[in-house]
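Values quoted throughout were computed directly from the atomic coordinates according to the rules given, and no laboratory measurement underlies them. Given the structure is predicted, the values throughout are model-derived calculations rather than measurements. Here the Cβ positions follow ideal geometry from the backbone for every residue, glycine too, while neighbour counts run over all protein chains shown.
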Amino acid sequence: MGDYVVVLEAPIIVRDVETSEDAINVAVSKVAKALNKEKLDFVRVEIGYSQCPVCGAHFESAFVIGSVGLVGMYLTIKVYNAQTVEHAERIAKAVIGKALKKVPLKVYEIHELTEEDEGDGVELEE
């Protein structure tokens, strides 16, 4: 049994926004509301970053076209007592997916829990 930190990527679509800052604010609010509704306030929500293919600079993953925004977000959750890395991935996707229905979740990163990562998370009952 192992303890893991799982970071999932999620694309969030928002409507009626004018700027990328508006899109980010609406997306964060939308995700936080959905997570809080399911009592998942321990999931950390962060804006994703993309890299410019030309210059290599990093920028926030928020794009607005015709008042519809697409915001890339990272959702971080701690999973305790998982049997394998794949098991931790499935648990994270199931827990977060319950709150964010119809949002495709992709694993961005998984690593074993260290002392700095201690805190809230999901513990699997044996």
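Numbers for the structure displayed
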item: Within the chain, longest stretch free of exposed trypsin sites (Lys or Arg not before Pro) [DSSP loop, at most 12 other beta carbons within 10 Å]; result: 40-100
item: Ile96, Ile110 arranged by Cβ crowding within 10 Å, fewest neighbours leading; result: Ile110, Ile96
item: Leading residue at positive end of dipole, region 2-114 (Cβ point charges), from Ala23, Ile91, Val45; result: Ile91
item: Residue order, fewest to most surrounding Cβ atoms within 10 angstrom, among His111, His58, His87; result: His58, His111, His87
item: Approximate spin-label separation Lys98-Asp41, in nm, with each point projected 7 Å along Cα-to-Cβ; result: 1.7
item: Estimated [θ] at 222 nm from DSSP helical runs (n ≥ 4, -39500 (n - 2.57)) normalised by residues in the chain, nearest 500; result: -8500 deg cm²/dmol
item: Between region 29-51 and region 84-103, the alpha-carbon center distance in angstrom; result: 14
item: Fewest-first ranking of Met1, Met73, using other Cβ atoms within 10 Å as the exposure measure; result: Met1, Met73
item: For the chain, convex hull of alpha carbons as volume per residue, Å³; result: 119
item: Crossing angle, helix 85-99 versus the chain [Cα axis fit, 0-90 degrees, rounded to tens]; result: 50
